[in-house]
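This report refers to the structure that appears directly beneath it.
The values are calculated or read from the model by the stated rules, or taken from the named source; none is laboratory data. Treat the numbers as computed from the prediction; the structure is a model and nothing was measured. Methodologically, a virtual Cβ is constructed for each residue, glycine included, from the backbone with ideal geometry; neighbour enumeration extends over all protein chains shown.
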Amino acid sequence: MTKTRTDNNLIIDNVSKEFIINDNRVKVLENVNLDIKEGEFISIVGHSGCGKSTLLKMIAGLVDFTQGNVTMGQKQIRRPGTERGMIFQDHRLLPWLTVKENIAFGLYDFTKEQKEKMISEHIELVGLNTFENAYPHQLSGGMAQRAAIARALVHNPQVLLLDEPFGALDALTRIQMQNEILRIWEKEKTTMILVTHDIDEAIFLGDRVVIMSNRPATVKKIINVDLGRPRNRNSYDFSLLRGKVYSEFFGEEENNYLEYFI
Ligand SMILES: Nc1ncnc2c1ncn2[C@@H]1O[C@H](COP(=O)(O)OP(=O)(O)OP(=O)(O)O)[C@@H](O)[C@H]1O
Ligand SMILES: [Mg+2]
């Protein structure tokens, strides 16, 4: 299903967030600013605990913020909405429902025929044909994640928020899933915001890589990935970008170390 888009740029404007943990205020995000263009693929990397999931949950409308504003188009985001889908590290499928039923869950306001069509289109999109009647425990990790992606995409979201979606997968399945998500992105033109710990994944997928600072996290650096697609992880330009991202985390020494292998 190809979509016609209007202006749905996502603007994160000076957002801060504090949590109260055991009567202590913990500042997690501080003055985060980020403009994400409609249809863009953004990768976010940062140290564990800096606030990446919190940021995604804010965009999803699952967590409120202490200061600032998040808007999509002209609208303020204050609560969850089907135009913003979220995929978590674990698939969160309902174990007592089949793949098909999981994808159908939450699809209201459609006739039976419309639902059937939407479900089969999305099963096809993520390549799960012949597994539509399987239960989650009968799927591999990668297949369950694909079902979760289909469940999010069936609502035709303008933005898909991916919180380390491939973290639990083996290296080969992970590469396969990265290619799947790219294929879906190119077909559906959905804005993608991916949090990952995998720097290669961030560069392979993203138009831009956003590097967060330590907590309280802010946007430390944004690196444009000026590489054509499909990308070659072994190319010289890819290695240079990898070095650039690493040096943001570990300093120039790490970068020199990487240069040794180019
Ligand atoms: N609901 C909550 N209540 C209190 N504190 C929270 C809550 N959610 C997150 N935090 C705190 O906010 C900080 C950031 O958490 P968050 O999950 O956003 O980090 P992260 O960058 O996604 O880390 P990781 O890479 O390990 O997933 C942590 O210190 C955590 O303890
Ligand atoms: Mg997280």
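Here are the numbers for the structure shown:
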item	result
Filtered residues of region 34-77 (kept if among the polar types (S, T, N, Q) and within 16 Å of ligand 1 (Cβ to nearest atom))	Ser43, Ser48, Ser53, Thr54, Thr66, Gln67
Residue selected from region 11-29 under the condition farther than 13 Å from Arg215 by Cβ and more than 9 Å from ligand 1 (Cβ to nearest atom), by the criterion surrounded by the most Cβ atoms within 10 Å (Cβ to Cβ)	Val15
Matching residues, region 206-236, being closer than 28 Å to Phe65 by Cα and not in a loop (DSSP other than H, G, I, E, B)	Arg208, Val209, Val210, Ile211, Met212, Ala217, Val219, Lys220, Lys221, Ile222, Ile223, Asn224
Criterion (among the basic types (Lys, Arg) and under 18 Å from the mean Cα position of the chain (by Cα)) met by exactly one of Arg208, Arg215	Arg208
Close pairs (7 angstrom Cβ cut-off, 6 or more residues apart or separate chains): under 12 Å from Gln158 (Cβ atoms) in region 77-92, polar (S, T, N, Q) and surrounded by 15 or more Cβ atoms within 10 Å (Cβ to Cβ) anywhere	Glu83/Gln158
Close pairs (6 angstrom Cβ cut-off, 6 or more residues apart or separate chains): modelled with pLDDT under 90 in region 157-182, among the aromatic types (Phe, Trp, Tyr) anywhere	Arg174/Phe166; Met177/Phe166
Of the criteria (1) within 16 Å of ligand 2 (Cβ to nearest atom); (2) part of a strand (DSSP E or B); (3) among the aliphatic types (A, V, I, L, M); (4) surrounded by fewer than 17 Cβ atoms within 10 Å (Cβ to Cβ), which one Val32 fails	(4)
The lone exception for Arg25 - which of (1) of a type in the set (Lys, Arg); (2) in a strand (DSSP E or B); (3) within 13 Å of ligand 2 (Cβ to nearest atom) it fails	(3)
Residue identified as of a type in the set (A, V, I, L, M, F, W, C) and farther than 26 Å from Ser247 by Cα among Phe19, Phe41	Phe19
Pairs, first at pLDDT 95 or above in region 22-42, second aromatic (Phe, Trp, Tyr) and in a strand (DSSP E or B), C-beta under 7 Å, six or more apart	Val28/Phe19
